[in-house]
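Below: one structure, written as structure tokens.
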Amino acid sequence: MTTAERIHESWLEELAYAAFTRKGRTHSANEDSFAFPPAEADKSQRGILLAVADGVGGLAGGGAASREAVAYLQALFYAQTIPGDPAERLRDAVEGVNALNRLVQPRVAPTGGFLTTLVAALILGSQVWVANVGDSRAYLVQGRGKTCRQLTEDHTERARRPASDTPGGAQLSGSREHTITRAIGLSENCQVDIYHYAWSPGDTLILRSDGLSALSESEMIELGTLQPASQAAKALVERAIRTDGGDDATAVVAQWRALP
């Protein structure tokens, strides 16, 4: 899937979300993935779960890991039958994704490297819960002040470790100057950050992979909010590819459209 958009009923009728992804100019394949809720999911009661994953660069299996991560996340989250705290349900789903990744690693990547970042946002009315593992990010552009707020913290450190210190002898590359310290599949115990925010009509939520790191906050505001969600997601990715283009780029844009 390259681009998609969904508009829903009930309280969801004012919400539009879309995604767009492209491989980097120097890459042979796109290791980014995104996912929306399954069609049959009870989104009005459970919320809308959006996700972006970025296969850890330089490691075999990163693309497959990212695809499976976002698919498993949706399946595990909406399969939960017992209502509970949204933050805990989201945490449980992410930890489940990590457990499944670790389960299949010996078969699909016996030398290691079946790793991916994961950022996800659960939207339920005026509340947003964000889960993050790695250096993909979530942003909130507030409609009235047009301010762009980063909602997550990167799990990275200065790139100083030799390649032999990481699974399979490869470096866990994030940006050109940093290495990733957390990833889905990296360890048995998944350390996931969960954040809780409120948003309002006119606001825009953006999830993006590391391939959009060259974009400024002003570009995020301009490209992400001044056009419909599907056009916004495509514009963000295409600007990132033109600006840098060395990495795969993926954006998910969710707009809470203010009524006239």
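Computed values, structure above
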quantity: Sites residue 25 and residue 142, calculated FRET efficiency, Cβ-Cβ separation with R0 30 Å, nearest 0.05; calculated: 0.35
quantity: Accessible surface of the chain [probe 1.4 Å, protein heavy atoms]: carbon and sulfur percent; calculated: 49
quantity: The chain, helix-only ellipticity at 222 nm - DSSP H runs n ≥ 4, -39,500 (n - 2.57), divided by all residues, nearest 500; calculated: -8500 deg cm²/dmol
quantity: Per residue accessible area in Å² of the chain, where ligands, DNA and RNA are left out and the probe is 1.4 Å; calculated: 43
quantity: Charged-residue dipole, Cβ positions (Lys, Arg, Asp, Glu), the chain about Cα centre, Debye nearest 20; calculated: 360
quantity: Gaussian network model of the chain, Cα within-10 Å springs - most flexible of 81, 26, 152; calculated: 81
quantity: Cα gyration tensor, the stretch 54-163 - rounded (a/c under 1.5), prolate or oblate; calculated: oblate
quantity: FRET efficiency estimate (nearest 0.05) - Cβ-Cβ, residue 87 to residue 187, R0 22 angstrom; calculated: 0.55
quantity: Most to least packed among 242-252, 41-51, 212-222, 98-108 [average Cβ atoms within 10 Å]; calculated: 242-252, 41-51, 212-222, 98-108
quantity: Cut-off 14 Å (backbone N to label point 7 Å along Cα→Cβ of residue 218), residues of the stretch 119-148; calculated: 147-148
quantity: Tensor-based shape of the chain (alpha-carbon gyration tensor, a/c under 1.5 rounded, otherwise prolate or oblate); calculated: oblate
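The values are calculated or read from the model by the stated rules, or taken from the named source; none is laboratory data. This structure is a prediction, so every number in the text was calculated from the model and none was measured. No Cβ is skipped: glycine too gets one built from the backbone with ideal geometry, and neighbour counts run over all protein chains shown. Each accessible area value is taken on the protein alone, full model and side chains, heavy atoms only, with ligands, DNA and RNA left out. Shrake-Rupley method; radii C 1.70, N 1.55, O 1.52, S 1.80 Å.
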